[in-house]
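For reference, the structure is listed below as structure tokens.
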Amino acid sequence: MTGDDFRDPAQVGPGSVLIASTTLTGPTFARTVIYVIEHDEHGTLGVVLNRMSQAAVFNVLPAWSELAASPRAVFIGGPVQAESAVCLAVAKTGIDLATQPKLHQVRGPVCMVDLDADPEDLEPVLTGLRIFAGYAGWDAGQLADELAEGSWLVAPGLPSDLLAPATVDVWQAVLRRQDWPLPLLATYPMDPLTN
């Protein structure tokens with residue numbers, strides 16, 4: 001991807017990430033990375049990867065705690081239906097997701113998990129998972145408008161983005177792996193006035 005490709009709505013699809021630009025400063029989405037789960041003519045749905053809550057998975061969905069990647073917290077997936085849970089996981093190498101009725105492939109080894117499943121049945125299949133409270137969503141055309149305004153950058157997502165440990169700043173890490181000059185944005189201060 002080069003130039004305007006990072007703002008091209010055609011680059012958005014399941015498995016891509018939306019990276020908040022430095023101009024997006026509102027508390028809900030500032031410095032967020034959103035993993036896109038669904039994208040079609042009706043709109044876009046994804047979850048914020050880098051907003052950890054104070055709630056432990058063990059306290060909310062205890063049966064899933066052992067499969068949760070560290071940190072084993074519920075993440076804030078977005079402002080839509082914050083009382084609902086969305087679960088994304090990374091399947092182990094060699095697993096055919098088409099043979100797993102409780103898993104719905106998003107892209108590559110990344111899949112959505114049916115939380116009505118028995119976690120013990122999925123333990124041999126999954127590397128790890130994240131549980132998100134709520135999600136981020138856009139109606140048809142809404143995300144394209146926000147991309148045109150420069151609010152978001154689009155890039156391919158990696159399974160490691162989903163399961164990143166707490167020591168990794170996902171926003172900076174995703175920017176740093178992009179083509180020049182986007183890695184420069186990773187050094188942009190939270191408050192430019194303090195620079």
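The values are calculated or read from the model by the stated rules, or taken from the named source; none is laboratory data. From a predicted model like this one, the values you see are computed outputs, not experimental measurements. Every residue, glycine as well, gets a Cβ built from its backbone with ideal geometry; the counts of neighbours run over all protein chains shown. Ligands, DNA and RNA are stripped out before the accessible areas are found, and what is left, the full protein with its side chains, is counted by its heavy atoms. Shrake-Rupley method; radii C 1.70, N 1.55, O 1.52, S 1.80 Å.
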Exercise. Once every Cα of segment 21-88 carries one equal point scatterer and solvent is ignored, give the base-10 log of I(q)/I(0) from the Debye formula at q = 0.12, 0.18, 0.21, 0.24 Å⁻¹, two decimals.
Key: -0.36, -0.77, -0.97, -1.14
Self-check item: Heavy-atom accessible area ranking, 1.4 Å probe, most first, across Met52, Met112
Solution: Met52, Met112
Quiz item: What residue among Arg176, Arg130, Arg51 shows peak mean-square fluctuation when the chain is described by a Gaussian network model with Cα springs under 10 Å?
Solution: Arg176
Quiz item: Assigning unit charges at the beta carbon (Lys, Arg +1; Asp, Glu -1) and nothing else, what dipole magnitude in debye, to the nearest 20, does the chain show about its Cα centre?
Solution: 640 debye
Practice problem: Heavy atoms only, probe 1.4 Å: what % of the accessible area of segment 42-108 goes to carbon and sulfur, would you let me know? | Solution: 55 percent
Quiz prompt | Relative contact order for segment 1-61, counting Cα pairs under 8 Å that sit 6 or more residues apart, in percent | solution = 24 percent
Quiz item: What percent do you get for the relative contact order of the chain when only Cα pairs under 8 Å and 6+ apart count?
Solution: 29 percent
Quiz prompt | Over the chain: helical MRE at 222 nm, DSSP H runs n ≥ 4 each giving -39500 (n - 2.57), nearest 500 | solution = -3000 deg cm²/dmol
Practice problem: Pull out a ≥ b ≥ c, the square roots of the eigenvalues of the alpha-carbon gyration tensor of segment 1-57, then state rounded if a/c is under 1.5, prolate if not and a/b is larger than b/c, and oblate in the remaining case. | Solution: oblate
Quiz item: When DSSP beta bridges are limited to those with both residues in segment 36-191, what percentage is antiparallel, rounded to the nearest 5?
Solution: 90 percent
Quiz item: For segment 97-157, which chymotrypsin sites (Phe, Trp or Tyr not before Pro) are both in a DSSP coil and crowded by at most 14 other Cβ atoms within 10 Å?
Solution: none
Quiz item: Between Thr23 and Ser53, what length in nm is gained on full extension when 0.36 nm per residue of separation is reduced by their alpha carbon distance?
Solution: 8.4 nm
Practice problem: Just name one of Ala85, Ala140, Gly157: the one whose Cα is farthest towards the positive end of the charge dipole of the chain (beta-carbon charges, Lys/Arg +1, Asp/Glu -1). | Solution: Gly157
Practice problem: Quote the accessible area belonging to Glu123 in square angstrom, nearest 10, computed with a 1.4 Å probe and with ligands, DNA and RNA left uncounted. | Solution: 100 Å²
Practice problem: For segment 90-159, just say rounded, prolate or oblate: build the C-alpha gyration tensor, square-root its eigenvalues into a ≥ b ≥ c, call rounded for a/c under 1.5, and beyond that prolate if a/b exceeds b/c, oblate if not. | Solution: prolate
Quiz item: What do the square roots of 5 times the Cα gyration tensor eigenvalues come to for the chain, in whole Å, largest first, as semi-axes of the equivalent ellipsoid?
Solution: 28, 18, 16
Quiz item: Roughly how many Å² is the accessible area per residue of the chain, as a whole number, for a 1.4 Å probe?
Solution: 51 Å²
